[in-house]
């Protein structure tokens, strides 16, 4: 699903936004067609609101995420990298550790290659340079996508660079989920 499609945007939005859109679509359709057809026409958006509500109910609170990130920041590299490796394997990736300074893992899934940089996960604030290094390594290894893992903050300039160069940032709740034990 494209990240800017209507369904993707609604899944990222609060659940009640989809529900309001469902009601609006139903009301407009009801003006021109019988209620049964109007209900059927608004059903896909209603289902999206249910999925969004389910995801949001299961999502960890901001406090739990902050606590998990603190635990991750206190880990040594070996323990942290082992957790990430397990997490990537749980997500169905074949994981190869790299000895390169620019990238730490090469992931493969369904013929698609991703490079992951995560050695600077503890940095309080990260700038553009590590992202440039990751992008260069991704181009050299012909990776389809690059992931940058961080438990701290990223400068606005670096965030813009990541967006422009399609470097996916793994932070916050996504990092806590990926690095969970078991």
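What is the gain in length, in nm to one decimal, between residue 91 and residue 112 on full extension, counting 0.36 nm per residue of separation less the C-alpha to C-alpha distance?
On the way: separation 21, 0.36 × 21 = 7.56 nm, distance 1.37 nm.
Net length gain for the segment: 6.2 nm.
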Q: Would you mind classifying the stretch 129-182 by shape? Square roots of the alpha carbon gyration tensor eigenvalues, ordered a ≥ b ≥ c; an a/c under 1.5 is rounded, otherwise it is prolate if a/b is larger than b/c and oblate if not.
A: oblate
**Q.** Cα gyration tensor, the stretch 6-58 - rounded (a/c under 1.5), prolate or oblate
**A.** prolate
**Q.** Mean Cα-pair separation over length for the stretch 95-145, i.e. relative contact order, pairs under 8 Å, 6 or more apart, %
**A.** 33
Q) Label-point separation (nm) for residue 83 and residue 128, each offset 7 Å from Cα along Cα-to-Cβ? A) 3.2
Q) What is the order of 93, 148, fewest Cβ neighbours within 10 Å to most? A) 93, 148
Q: Return, ordered by residue number, the residues of the stretch 40-57 whose backbone nitrogen is under 17 Å from a label point located 7 Å along Cα→Cβ of residue 17.
A: 45-57
Q. In degrees between 0 and 90, to the nearest 10, how far off the longest principal axis of the chain does helix 62-73 point, with axes built from Cα atoms?
A. 20
Q | Gap separating the Cα centres of the stretch 13-45 and the stretch 136-173, nearest whole Å | A | 38
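I need 167, 25 ordered by Cβ neighbour count within 10 Å, fewest first.
Arranged by neighbour count, lowest to highest, 167, 25 become 25, 167.
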Q: Could you tell me how many degrees, from 0 to 90 and to the nearest 10, lie between the Cα long axis of helix 77-90 and the main elongation axis, the longest principal axis, of the Cα atoms of the chain?
A: 40
Q.
Taking the beta-carbon count within 10 Å as an exposure proxy, list 80, 40, 7 from fewest neighbours to most.
A. 40, 7, 80
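Want the number for residue 61 to residue 74: 0.36 nm per residue separation, take away the alpha-carbon distance, what's left?
2.6 nm is the gain from fully extending residue 61 to residue 74.
Does the stretch 59-113 classify as rounded, prolate or oblate by the C-alpha gyration tensor (a ≥ b ≥ c root eigenvalues; a/c under 1.5 gives rounded; else a/b over b/c gives prolate, otherwise oblate)? Working shown, then result.
On the way: a/c = 2.82, a/b = 1.52, b/c = 1.85.
It is oblate, given that a/c is not under 1.5 and a/b is not larger than b/c.
What 222 nm value per residue comes from the helices of the chain, counting each DSSP H run with n ≥ 4 as -39,500 (n - 2.57) and dividing by all residues, nearest 500 deg cm²/dmol? Show your work: numbers first, answer last.
Working: 8 runs with 103 residues, N = 182.
Per the formula, -18000 deg cm²/dmol.
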**Q.** Cα pair distances in the chain, grouped into 5 Å bins until the bin that holds the longest one, percent each
**A.** 1, 8, 13, 15, 16, 14, 10, 7, 6, 5, 3, 1, 0
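Computed from the coordinates by the stated procedures, all read-outs in this text should not be read as laboratory data. Quantities reported herein were computed from a predicted structural model and do not represent experimental measurements. Reconstructed Cβ throughout: ideal geometry from the backbone, glycine too, with neighbour counts over all protein chains shown.
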